[in-house]
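The values are calculated or read from the model by the stated rules, or taken from the named source; none is laboratory data. In this text, all values refer to a predicted model and were calculated from it rather than measured experimentally. Glycine gets a Cβ as well: all are built from the backbone with ideal geometry, and neighbour counts include every protein chain shown. Quick note on the areas: whole protein, heavy atoms, side chains included, nothing else; ligands and nucleic acids left out. Shrake-Rupley method; radii C 1.70, N 1.55, O 1.52, S 1.80 Å.
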Amino acid sequence: MTLQTPLIQSLDLTVPIILAPMAGIAGGALAVAVSGAGGLGLIGGGYGDRGWIEREFEIAGGERIGIGFITWALARQPELLSLALERGPRAVLLSFGDLRPFAPSIARAGIPLIAQVQTVEDARIAVGEGATIIVAQGTEAGGHSGERATMALVPAVVDAVAPVPVIAAGGIADGRGLAAALMLGAAGVLCGTVFYAAAESLAHQNAKKRVVEASGDHTVKGSVFDVVRGYDWPTPWAIRTLRNAFYDRWSRDLDDVRRTPGPHRKSYSDAQDRGNVEVAAVIVGEAVDLVRTIEPASALVERVLTEASDCLANGAKLLDLSHRGNRRSGL
């Protein structure tokens, strides 16, 4: 089955899947792999490391990928948007902040602006500020998110901003999730967790191994990892990660981390470099149960698409059988 949605049409894709721009994880190689499989690969602009962004665009080798920014962090280094636009990205995704300072430049460049939101009201605001595609992100997502769940948020946003295409995010890591999102009225999905352990991901091998062994039961949401990394995240966004020893020890004593950040930050940075996942955060969402192998991103995209097509085809058959039964029974 070929899936035709407004996302595919608006971005000239063949698969309605967008790679979440995971900071430090979604680099040029992963973005190219997802785009090459028919979706849209986004590199993670994250907190604004200019050298990293330049390097990952170079790794992409001229392939048309996109980029995502944390909007409030981009506001501190707005020149990074110009750096990205000069490279002709396929799309720019902004999340967690005010789009207005950046939307005009993106529009003048003729680049689609994707806005990720966590509430219905923010979806309406984003469309008014120039977003051409909306990502409705549920709290099940890895990384930072709001409080609403995907299943209820997506159709509410679809109704609020129609006919602007809406993309579902949060808790989607296989074809069943894609099929469900399409049934909710979404035009596609944005996925991070399913690609975290992909062969092309920049995650440490120890982190990938932890992901394929983990359960969504092991995820937690809080602020300890933001505090230790020195990121002053605005409310109401908290970060979902896998629970580890560092979280268990310091989430109950955040004041100590704030009072003496230096030693904590140094040990945390060292742990990241060494791949010590009992200290460093593994930033994935509740759908981590569905990630069981380390394999190329192209294989992941193909499997999600095949599963979704099968689900939709089987659903159509079941619906037809149900209708026939209702007609026979006089209902």
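Of the residues in region 217-227, not one is under 21 Å from the mean Cα position of the chain (by Cα), part of a loop (DSSP other than H, G, I, E, B) and either among the hydrophobic types (A, V, I, L, M, F, W, C) or modelled with pLDDT of 95 or more (or both). The criterion of at least 1 residues that are hydroxyl-bearing (Ser, Thr, Tyr) is met, among helices (runs of 4 or more DSSP H) falling completely within region 133-197, by 150-161, 193-196.
A search for C-beta distances below 6 Å between a residue of region 269-281 that is farther than 9 Å from Phe246 by Cβ and touching a residue at least 12 places away in the same chain (Cβ under 8 Å) and any residue that is of a type in the set (Gly, Ala, Ser) and assigned to a helix (DSSP H, G or I), counting only pairs 6+ apart in sequence or on different chains, returns Val277/Ala207. Of the listed requirements (1) surrounded by fewer than 24 Cβ atoms within 10 Å (Cβ to Cβ); (2) free of Cβ contacts under 8 Å to residues at least 40 places away in the same chain, Ala168 misses just one: (1).
Can you find even one residue in region 303-310 that is at pLDDT 95 or above, under 19 Å from Ala26 (Cβ atoms) and open to solvent by less than 40 Å² (accessible area, probe 1.4 Å)? Yes.
When region 57-114 is limited to residues that are part of a loop (DSSP other than H, G, I, E, B) and acidic (Asp, Glu), the one that is nearest to the chain's Cα centre (by Cα) turns out to be Asp98. Within region 41-52, take every residue that is outside any loop (DSSP other than H, G, I, E, B) and out of contact with any Lys or Arg (no Cβ under 9 Å at 6 or more places or on another chain) and give me the one that is most open to solvent (accessible area, probe 1.4 Å). So, considering only residues that are outside any loop (DSSP other than H, G, I, E, B) and out of contact with any Lys or Arg (no Cβ under 9 Å at 6 or more places or on another chain), the one most open to solvent (accessible area, probe 1.4 Å) is Arg50. The set of residues from region 218-233 being open to solvent by 60 Å² or more (accessible area, probe 1.4 Å) and either among the aromatic types (Phe, Trp, Tyr) or touching a residue at least 24 places away in the same chain (Cβ under 8 Å) (or both) comprises His218, Lys221, Tyr231. Among the residues of region 105-130, those that are closer than 26 Å to Ala60 by Cα and either open to solvent by 10 Å² or more (accessible area, probe 1.4 Å) or acidic (Asp, Glu) (or both) comprise Ser105, Ala107, Arg108, Ala109, Gly110, Ile111, Pro112, Gln116. Screening the candidates Leu300, Leu242, Leu290 for the property of being modelled with pLDDT of 95 or more, under 28 Å from Ala169 (Cβ atoms), in contact with a His (Cβ under 6 Å, 6 or more places away or on another chain) and of a type in the set (A, V, I, L, M, F, W, C) yields one hit, Leu242.
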